[in-house]
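**Q** Okay, handing you the structure first.
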């Protein structure tokens, strides 16, 4: 399975299922022995170089791989549409060269486990004694589409389990099914060809759940080479020269905090300013309307997602310059994504995002107390006054750092793009008994749509030596999307981070946290009305109402339109200000709404109360 677009790191939720019937099958050792005999004389080879033509997701391109057939080290390169990049594993570290040209170690759980899986398969370690240290379990013989397969579930040491389907007639590997972050990826091998005594698939077809996004690789060349120097698989050293700061070593500019999200002005190709959202867990992107207004071209239609279980089409475009304060980043590939469709959720326009690729080129200081962002040239950064250091690892474009919740250590995504304080992923919460909450509600909204959680107030979060007592905790109940993952414990959002001056040194994979010196507004509060509202043409649309909460007791229902608040037109109050009011006003406060349901408009009084 070639991770052809892994460096683009567009997350997605997908699943694939088959109508199968399982029967008794040969033991795993027998299946793998037959596969070894059918594959040919691989064990006499040292290195395999393959090249493929790529098509899919509205783009074409080329993919190449170099595999050490003994050690399992590997490196892939790709040029697809406007993007180029590479991924590799040197036997110890996984790494990624993304489409912006930046190179990072990928040693967080998901990325590392997937790299180990690739290493295991490319070196055919399952043929070795004791299955090369893996656990291999037979899932029996299955039929699908008129063919029969011997199916094994394989868990390499240090990797993650995947399913391997071997054709019962040819004994060649026909299919791989593997969870990759938020998606389940199925790769079909076919059209095997004899290359120097070895059977190599001439075609690979990849499905991520929605056929619209299927991808195809067609073999164009396969060559066996002598053993290569191990350095060819190591992370390349790249000096990035595409980022500058005019007139000095750093630049500072203001930001607004709406919905606990950071918004600041940027210029794109010398035009603007445009107010972009800044998201450490996101990527540089533009919306289709801004792409059109700038006269740019979008290529491709990849499957993109994040929080929530849905997905969006994602394209790519080339941007000549992005300017932030006195800083500028040149000649970048940006994703193109309809983030503007979320403007009614945020209550503010969303023409684009500043993400990982930009933060990677600077040391970024987010001062939540002053409401400023400072970008510093990495070689001019002095950390002595930056606060407590916290080492982190990259998982694609995400930042994963260690923290402890209620005495249980875990790995948490550091996410300025999350409005929440602390979100616990469902699997982590269930494993440690943290999945008992008082309020079941829509608690957020991401690229994939609404996210649901049970909310509690309790427990302590320890981050970087700081003990944060009793934050609002949202225990995700999502079945898909970012918060359903099992390899991370949860997400630390702006509700926690705004207590600090947060400094992100991506080059040295270190975050520094230093308490702000001013009072923090809107801290550790949870909605006291029991409803989720988004903007609409009339004012606000009630999207979700919590059972037994004040909104339900007052008679509000999902689908209602709020047209006035305490006699003022709802359209005159940004939705983020209304949400803040419903969180922060004292219990017992009565908020009067004019509510339209069908052709009828009536007054509704909601008496706020603590729900957690």
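The values are calculated or read from the model by the stated rules, or taken from the named source; none is laboratory data. Model, not experiment: these values are computed from the prediction. All Cβ positions, glycine included, derive from the backbone under ideal geometry; neighbour counts span all protein chains shown.
**Q** In region 247-265, how many are touching a strand residue (DSSP E or B) at 6+ places or on another chain (Cβ under 8 Å) and farther than 16 Å from residue 279 by Cβ?
**A** Going through region 247-265 one residue at a time, the tally reaches 6.
**Q** Here's another thing I want to ask about it. Could you list, in sequence order, the residues of region 126-145 that are under 16 Å from residue 92 (Cβ atoms) and buried (at least 20 other Cβ atoms within 10 Å of the Cβ)?
**A** If the condition is that a residue be under 16 Å from residue 92 (Cβ atoms) and buried (at least 20 other Cβ atoms within 10 Å of the Cβ), then no residue fits.
**Q** Being surrounded by 22 or more Cβ atoms within 10 Å (Cβ to Cβ), farther than 16 Å from residue 82 by Cβ and at pLDDT 95 or above: is that true of residue 307 here?
**A** Considered against the rule, which asks whether it is surrounded by 22 or more Cβ atoms within 10 Å (Cβ to Cβ), farther than 16 Å from residue 82 by Cβ and at pLDDT 95 or above, residue 307 comes out as no.
**Q** Here is a list: 111, 115, 86, 64. Which entry is closer than 30 Å to residue 331 by Cβ, assigned to a strand (DSSP E or B) and touching a residue at least 24 places away in the same chain (Cβ under 8 Å)?
**A** Exactly one of 111, 115, 86, 64 is closer than 30 Å to residue 331 by Cβ, assigned to a strand (DSSP E or B) and touching a residue at least 24 places away in the same chain (Cβ under 8 Å), namely 86.
**Q** With (1) within 20 Å of residue 49 (Cα to Cα); (2) in contact with a strand residue (DSSP E or B) (Cβ under 6 Å, 6 or more places away or on another chain) as the list, and residue 176 as the residue in question, which single condition is left unmet?
**A** Condition (1) is where residue 176 drops out.
**Q** If you don't mind, there's one more thing I want to ask. For region 430-448, state whether one or more residues are surrounded by fewer than 19 Cβ atoms within 10 Å (Cβ to Cβ), more than 24 Å from residue 264 (Cα to Cα) and within 19 Å of the chain's Cα centre (by Cα).
**A** Looking for residues that are surrounded by fewer than 19 Cβ atoms within 10 Å (Cβ to Cβ), more than 24 Å from residue 264 (Cα to Cα) and within 19 Å of the chain's Cα centre (by Cα), one finds none in region 430-448, hence no.
**Q** Could you please find all residues in region 385-421 being in a strand (DSSP E or B) and within 12 Å of the chain's Cα centre (by Cα)?
**A** 394, 395, 398, 399, 400, 413, 414 - these are the residues of region 385-421 that are in a strand (DSSP E or B) and within 12 Å of the chain's Cα centre (by Cα).
**Q** Additional query: With 607, 571, 580 as the choices, which residue is under 35 Å from the mean Cα position of the chain (by Cα) and closer than 22 Å to residue 457 by Cβ?
**A** 580
**Q** Out of all the residues in region 41-73, which are under 25 Å from the mean Cα position of the chain (by Cα) and over 28 Å from residue 210 (Cβ atoms)?
**A** Of everything in region 41-73, nothing turns out to be under 25 Å from the mean Cα position of the chain (by Cα) and over 28 Å from residue 210 (Cβ atoms).
**Q** For region 35-48, does any single residue satisfy the condition of being out of contact with any helix residue (DSSP H, G or I) (no Cβ under 7 Å at 6 or more places or on another chain) and closer than 30 Å to residue 297 by Cβ?
**A** no
**Q** May I ask you to list the residues in region 330-351 that are in contact with a helix residue (DSSP H, G or I) (Cβ under 6 Å, 6 or more places away or on another chain) and either assigned to a strand (DSSP E or B) or without any contact (Cβ under 8 Å) to a residue 24 or more places away in the chain (or both)?
**A** Of everything in region 330-351, just one residue is in contact with a helix residue (DSSP H, G or I) (Cβ under 6 Å, 6 or more places away or on another chain) and either assigned to a strand (DSSP E or B) or without any contact (Cβ under 8 Å) to a residue 24 or more places away in the chain (or both), namely 336.
**Q** I'd like to check which strands (runs of 3 or more DSSP E) are fully inside region 534-612 and have at least 1 residues that are free of Cβ contacts under 8 Å to residues at least 24 places away in the same chain and more than 22 Å from residue 343 (Cβ to Cβ). Let's see the steps before the verdict.
**A** Numbers: elements: 539-545, 561-565, 590-597, 600-607.
Qualifying strands (runs of 3 or more DSSP E): 539-545, 590-597, 600-607.
**Q** Give me a count of the residues in region 583-604 that are under 23 Å from residue 457 (Cβ atoms) and touching a strand residue (DSSP E or B) at 6+ places or on another chain (Cβ under 9 Å).
**A** 5
**Q** Could you count how many residues in region 352-380 are under 20 Å from the mean Cα position of the chain (by Cα), within 14 Å of residue 276 (Cα to Cα) and not in a helix (DSSP H, G or I)?
**A** 4
**Q** Is at least one residue of region 189-207 surrounded by fewer than 13 Cβ atoms within 10 Å (Cβ to Cβ) and either under 25 Å from residue 73 (Cβ atoms) or in contact with a helix residue (DSSP H, G or I) (Cβ under 7 Å, 6 or more places away or on another chain) (or both)?
**A** Yes, there is a match, as at least one residue in region 189-207 is surrounded by fewer than 13 Cβ atoms within 10 Å (Cβ to Cβ) and either under 25 Å from residue 73 (Cβ atoms) or in contact with a helix residue (DSSP H, G or I) (Cβ under 7 Å, 6 or more places away or on another chain) (or both).
**Q** May I ask you to list the residues in region 146-158 that are surrounded by fewer than 20 Cβ atoms within 10 Å (Cβ to Cβ) and either within 30 Å of the chain's Cα centre (by Cα) or touching a residue at least 40 places away in the same chain (Cβ under 8 Å) (or both)?
**A** Taking region 146-158 as the starting set, the residues that turn out to be surrounded by fewer than 20 Cβ atoms within 10 Å (Cβ to Cβ) are 146-148, 153, 155, 157-158.
Passing the criteria: 153, 155, 157, 158.
**Q** Check residue 278 against each of (1) within 25 Å of the chain's Cα centre (by Cα); (2) farther than 22 Å from residue 397 by Cβ and name the one condition it does not meet.
**A** Of (1) within 25 Å of the chain's Cα centre (by Cα); (2) farther than 22 Å from residue 397 by Cβ, only one is false for residue 278: (2).
**Q** Does residue 347 qualify as being at positive phi and more than 17 Å from the chain's Cα centre (by Cα)?
**A** When the stated conditions are applied, residue 347 passes them.
**Q** If you don't mind, another one. Filter region 522-533 down to the residues that are surrounded by fewer than 18 Cβ atoms within 10 Å (Cβ to Cβ) and in contact (Cβ under 8 Å) with a residue 60 or more places away in the chain, then identify the one that is nearest to the chain's Cα centre (by Cα).
**A** Pass one, region 522-533, residues surrounded by fewer than 18 Cβ atoms within 10 Å (Cβ to Cβ): 522-524.
Within this subset, residues satisfying the condition of being in contact (Cβ under 8 Å) with a residue 60 or more places away in the chain are 522, 524.
On the way: 522: 27, 524: 25 Å.
Top of the filtered list is 524.
**Q** Follow-up question, since we're still on this one. Being over 30 Å from residue 180 (Cα atoms) and in a loop (DSSP other than H, G, I, E, B) narrows it down to one of 282, 295, so name that one.
**A** On inspection, the qualifying residue turns out to be 295.
**Q** Next question. Of all residues in region 89-108, which are touching a residue at least 40 places away in the same chain (Cβ under 8 Å) and out of contact with any strand residue (DSSP E or B) (no Cβ under 7 Å at 6 or more places or on another chain)?
**A** Scanning region 89-108 gives 90, 91, 101, 102.
Here is a yes/no grid of residues against (1) touching a strand residue (DSSP E or B) at 6+ places or on another chain (Cβ under 7 Å); (2) assigned to a loop (DSSP other than H, G, I, E, B); (3) over 15 Å from residue 526 (Cβ atoms); (4) modelled with pLDDT under 90:
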site	(1), (2), (3), (4)
423	yes, no, no, no
430	no, no, yes, no
450	yes, no, yes, yes
454	yes, no, no, no
461	yes, no, yes, no
467	yes, no, yes, no
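**Q** For region 130-144, state whether one or more residues are modelled with pLDDT of 95 or more and within 20 Å of the chain's Cα centre (by Cα).
**A** No; the residues of region 130-144 include none that is modelled with pLDDT of 95 or more and within 20 Å of the chain's Cα centre (by Cα).
**Q** Suppose we filter region 310-320 for residues that are at pLDDT below 75 and surrounded by fewer than 24 Cβ atoms within 10 Å (Cβ to Cβ); how many remain?
**A** Taking region 310-320 and keeping what is at pLDDT below 75, we get 310-312.
Among the residues that remain, those that are also surrounded by fewer than 24 Cβ atoms within 10 Å (Cβ to Cβ) are: 310, 312.
Going through region 310-320 one residue at a time, the tally reaches 2.
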